[in-house]
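What follows draws every value from the coordinates through simple rules; no lab data is involved. What you are looking at is a predicted structure, and each value in this text was computed from that prediction instead of being measured. Because the Cβ atoms are built from the backbone with ideal geometry, glycine has one as well, and the counts that use them run over all protein chains shown.
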Amino acid sequence: MERNERIEFLKTVKPFNLLPDDVLSGVADLLELVRYKKEGIIYQQEVTKMKGVDLIVKGEYESFFYDSSQNKRSLEKHQGGYCFGGISVLLNRKRSLKTVIVKKGTVVYFLPRKDFRALCKAYDDFFKYFTGEFGKRLLEDDFAHFFKRPTSFEESFIASDQFYSRKVETLELRDVVACVSSTPVYQVAQKMAESKISCLFVKDDSGKIIGYVTDITLRDKVIANRASADIPVIEVMDNPIVTISPQAYVYEAVLMMFQTKTRYLLIENQGEFIGSISRNKLLSELAQSPLVFIQSVKQALSVDELKKKWETVPIIVSQLIGRGVNSEIVNQMITTIADTIAVKVIENTIDELGPPPAKFVFMVLGSEGRKEQTLKTDQDNAIIYEDKANEQRELVREYFLKFAGIVSGRLDYVGFSFCTGELMAKNPKWTHSLSHWKRNYASWIAESVPETAVNFSTFFDCRYIYGEESIMNELHKFLDSELQRPLGTLFYLLTKNALQYEPPLTFFRNIRTQTIGSLEVFDMKTAMTPIVDLVRVYALKERIFKVNTGERLKALKELGVFSETAFHELSQSYYFLMGMRLKSQASQIIHDKRQPDNYINLDKITKIEQVTLIEIFKTIENFQAKIKLEFTNTLW
């Protein structure tokens, strides 16, 4: 086929038909034509190592499992326009899932494994096509029975990733067993024993679930306190009630449990509770998952142990990125681990200093605040405490500054280095009462000069990880009110800030590099910054208080600010860049034994990655032009 014919052929092959034309053009150049002149076995299940994927032009592949009697099981026939091998490469340690017989006269295009995996990393929908197809096959009895499960996490993508495309509805759920709030504790215990459950939910008089009781609840709040077994369960029940949709992914359920500190989730479908699931059940389902690592972090007893845990994270990141897991998910992993470490440090510090003299929140800022932490990270945090009477102010302030100093010092020891700009809670400038923080935000908005605009954007990317949620809600309520004022100057300055980083493209639309030592590199963080900044500007305008760039993009799409196409372009661009950044940093730590940076060596990325980067930078330029016209009324 001529090159143009190859491109047209690719458009008929799933999921290559999801790729942009210019990417298909690059793929067409990488294809190798293979002709089979006789019938025979070309791949053997669990034996043949797949060097890439085959795109059948004409002819037929017959794939199957051999059972113990050499009978063909789970037989499939694949004709022209079918892509074979993607599932094996991604999900089966590169080994062929099935045995394959090729028919005489079959013609295929072969795409090398390296280039195929690059496409999977660059285009989420392309990657999800294969995980989705694999999921469908697992619903077939024969396939599920004969599919050889992997032996270790280290060897297999599935061991770390089978649940990333798996939904909550596929799990075995517990029935929701409940009692009314006036039920005596002893009757609750009896009901739990009779039903052989470790969690019983509590309803109010209207039938609404308002809390729950577990074995731990009875131990800590009743037995340990020598409380009467006759008291109503409402006096000892736990909160909050956390719900999740059956359509949510399993990894979302696990992360939600860690983030909310709940051990049980209610599964809610269209307003009806259809079951519940415990953390232990989930973790037993995912026994080989790196998410189990988070539980081990929660159980760490010392700062030294937390330090060792954090030093393990680059290995987990490298494994996940190397197996094609979406970088958005990897970001969530890193963030959840970092949050868990910080919370452990905070709780241990409070145990040493005694209870705080006021309610407070410990909040994180910047990339950590956006849940977009990488392996090159420093501390960006602050403290907001409730307003107290004049005679208590100094006492309260003294406690929190001492507390912040200890927390920051221990986080630095663990591996979250001190912020060079002193943007930390241990800096007296960033530990204050709620009223003081409101004045901070109000002055940054009112002054509207470049420095205060930068402060405002930094502190808009804030998220609390410990403390009283009501304090954060009060701050958001205040900001929501302030942002409804005419703020043309502020948005003008924020837009100028978002435009100061230019995508690294030369006049001839190649990637602009800088020389560091003998290497030609470009700064990935700088390349990503325009997306973060321009999405933040729109989020501020629409008063969206989601902190994550991906979450902000979804919210803006739902409001109609971004079209479906624009949403996908920006989202895929951002997480493709993030994936490359995380991969590079993990490699620097593991293989180079050095501190990570944000530089990418152009010589170490594939041709497809280079083509994709150029297209991403063009996309960013287009969106910068849009925001410049909208917020500054000028063109390039």
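Quick look at the values:
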| quantity | calculated |
| --- | --- |
| Span from the region 391-432 Cα centroid across to the region 3-26 one, whole angstrom | 55 |
| Ranked list, fewest to most other Cβ atoms within 10 Å of each Cβ, for HIS476, HIS432 | HIS476, HIS432 |
| Backbone HN-Hα couplings from phi across region 186-199 [Karplus 6.51/-1.76/1.60, Hz, Gly and Pro as x] | 5, 6, 4, 4, 4, 5, 5, 5, 5, 8, 6, 10, 9, 9 |
| Fewest-first ranking of PHE416, PHE273, using other Cβ atoms within 10 Å as the exposure measure | PHE273, PHE416 |
| Helix-only mean residue ellipticity at 222 nm for the chain, each DSSP H run of n ≥ 4 adding -39500 (n - 2.57), per residue, nearest 500 | -15000 deg cm²/dmol |
| ALA178 long-range amide H proximity, modeled H, under 5 Å | PHE201 |
| Cβ-based net charge around TRP430, under 13 Å, with every Lys or Arg adding one and every Asp or Glu removing one | +1 |
| Computed magnitude of the charge dipole of the chain (debye, nearest 20; Cβ of K, R +1, Cβ of D, E -1) | 1540 |
| Region 1-30: GluC sites (Glu not before Pro) in DSSP loop, at most 15 other beta carbons within 10 Å | GLU2 |
| Trypsin sites (Lys or Arg not before Pro) restricted to DSSP loop in region 188-242 with at most 12 other C-beta within 10 Å | LYS196, LYS208, ARG226 |
| Histogram of C-alpha separations across region 168-283, 5 Å bin width, % | 2, 11, 23, 23, 19, 12, 6, 2, 0 |
| Cβ-defined net charge surrounding ALA300, 11 Å radius [Lys, Arg +1; Asp, Glu -1] | +3 |
| Trypsin sites (Lys or Arg not before Pro) within region 27-115: DSSP coil, no more than 11 neighbouring Cβ in 10 Å | LYS37, LYS38, LYS104 |
| Global form of region 251-382, assessed from the alpha-carbon gyration tensor, a/c cut-off 1.5 | oblate |
| Filter on LYS541/LYS626; LYS114/LYS607; LYS208/LYS546; LYS376/LYS525 - keep pairs with C-alpha separation over 19 Å | LYS208/LYS546 |
| Separation of alpha-carbon centers, region 161-234 and region 332-370, rounded to whole Å | 28 |
| Three-way shape label, region 497-632, alpha-carbon gyration tensor, a/c 1.5 | prolate |
| Radius ratio Rg over Rh of region 449-545, counting only Cα atoms, Kirkwood formula for Rh | 1.11 |
| When each of LYS371/LYS618; LYS196/LYS359; LYS38/LYS77; LYS371/LYS593 is checked by Cα-Cα distance, pairs over 29 Å | LYS196/LYS359 |
| Cα shape, the chain, gyration tensor, a/c 1.5 rule | oblate |
| Ranked list, fewest to most other Cβ atoms within 10 Å of each Cβ, for ASP523, ASP205 | ASP205, ASP523 |
| Equivalent ellipsoid, region 1-62 (semi-axes from 5 times Cα gyration tensor eigenvalues, Å) | 24, 14, 11 |
| Inter-label distance for SER470 and TYR36, nm, one decimal - labels placed 7 Å from Cα along Cα-to-Cβ | 7.0 |
| Residue-count net charge about ALA193 - beta-carbon cut-off 15 Å; Lys, Arg +1, Asp, Glu -1 | +1 |
